[in-house]
1. Residues that are closer than 23 Å to Ala127 by Cβ and out of contact with any helix residue (DSSP H, G or I) (no Cβ under 9 Å at 6 or more places or on another chain): does region 26-37 have at least one?
2. Being under 17 Å from the mean Cα position of the chain (by Cα), under 30 Å from Gln133 (Cβ atoms), part of a helix (DSSP H, G or I) and of a type in the set (Ser, Thr, Tyr) narrows it down to one residue among Ser73, Ser114; which is it?
3. In region 76-92, which residues are in contact (Cβ under 8 Å) with a residue 40 or more places away in the chain and part of a helix (DSSP H, G or I)?
4. Within region 59-89, how many residues turn out to be of a type in the set (Val, Ile, Thr) and touching a strand residue (DSSP E or B) at 6+ places or on another chain (Cβ under 6 Å)?
5. Go through region 1-46 and count every residue that is among the acidic types (Asp, Glu), over 17 Å from Ser114 (Cβ atoms) and surrounded by 12 or more Cβ atoms within 10 Å (Cβ to Cβ).
6. When Tyr95 is evaluated against the numbered criteria (1) touching a residue at least 24 places away in the same chain (Cβ under 8 Å); (2) outside any helix (DSSP H, G or I); (3) under 15 Å from the mean Cα position of the chain (by Cα), which criterion, by number, is the only one it fails?
7. Restricting to region 149-169, count the residues that are polar (S, T, N, Q) and part of a helix (DSSP H, G or I).
Amino acid sequence: MTDTLEQLKYPIGRFVPQTEYTAEDLKEWINTLKAIPGWMDACIENMDEFQLKTPYRPGGWTVQQVVHHMADSHMNAFIRLKLALTEDNPVVKPYSEQRWAELIDSDIVPVNISVTMLHTIHIKMVAIMNNMQPEDWNKTFYHPEHQRSITLWQLAALYAWHSRHHAAHITTLRDKNGW
């Protein structure tokens, strides 16, 4: 059976925002954020240059670009987390994920640099999240591209999904190719 483009783009399904959350949801999201650096280590373990330069789908990013994208994206999420905790609904700066993925660092910097970044970013992110007060989860930042405020619990949900989403891109490609 041939994978559809939708299945290749969203191997775990599209992100579906929740309208509310529970303490169990928060625990699951934080545990995912804590685990993802190790997952990424496992995803790219023993991959050679050819494999790292292989797109996960036709017209998609290479494995290497996906790994660098995750570090870039999660770095922005961490900054947004800290801004929302220290300012009143700050306006965040959108960025072009596609253009960032096409910058030279995504091609020439070894992927282990970005995986190391994920380890350090997530240690700090999880430390903050594990020590937030219940009312902190409703603090927000304003995203001008989406024209809405985003709560910190929504940020946690999105980045837990984002972590699983991109790990699945790589593992699906590895499994398909028998790597």
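1. Within region 26-37, the subset closer than 23 Å to Ala127 by Cβ is 26-37.
Now restrict to residues that are out of contact with any helix residue (DSSP H, G or I) (no Cβ under 9 Å at 6 or more places or on another chain): 27.
So far as region 26-37 goes, yes, one or more of its residues are closer than 23 Å to Ala127 by Cβ and out of contact with any helix residue (DSSP H, G or I) (no Cβ under 9 Å at 6 or more places or on another chain).
2. On the way: Ser114 fails: under 30 Å from Gln133 (Cβ atoms).
Exactly one of Ser73, Ser114 is under 17 Å from the mean Cα position of the chain (by Cα), under 30 Å from Gln133 (Cβ atoms), part of a helix (DSSP H, G or I) and of a type in the set (Ser, Thr, Tyr), namely Ser73.
3. Within region 76-92, Ala77, Phe78, Arg80, Leu81, Lys82, Leu83, Ala84, Leu85 qualify.
4. The qualifying residues number 1.
5. Filtering region 1-46 down to residues among the acidic types (Asp, Glu) leaves 3, 6, 20, 24-25, 28, 41, 45.
Then keep just the ones that are over 17 Å from Ser114 (Cβ atoms); that gives 3, 6, 20, 24-25, 28.
Those still in the list that are surrounded by 12 or more Cβ atoms within 10 Å (Cβ to Cβ) too: 3, 25, 28.
Looking only at that region, the number is 3.
6. (1)
7. Selection size over region 149-169: 2.
Listed here are the residues, each with its yes/no results for (1) surrounded by 12 or more Cβ atoms within 10 Å (Cβ to Cβ); (2) of a type in the set (Lys, Arg); (3) within 25 Å of Leu8 (Cα to Cα); (4) touching a Ser or Thr at 6+ places or on another chain (Cβ under 6 Å).
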{"residue": "Gln64", "(1), (2), (3), (4)": "yes, no, yes, no"}
{"residue": "Leu85", "(1), (2), (3), (4)": "yes, no, no, no"}
{"residue": "Ile108", "(1), (2), (3), (4)": "no, no, no, no"}
{"residue": "Leu118", "(1), (2), (3), (4)": "yes, no, yes, no"}
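The values are calculated or read from the model by the stated rules, or taken from the named source; none is laboratory data. Computed from a prediction, not measured in an experiment: that's the story for all the values here. Note: ideal-geometry Cβ built from the backbone for every residue, glycine included; neighbour counts use all protein chains shown.
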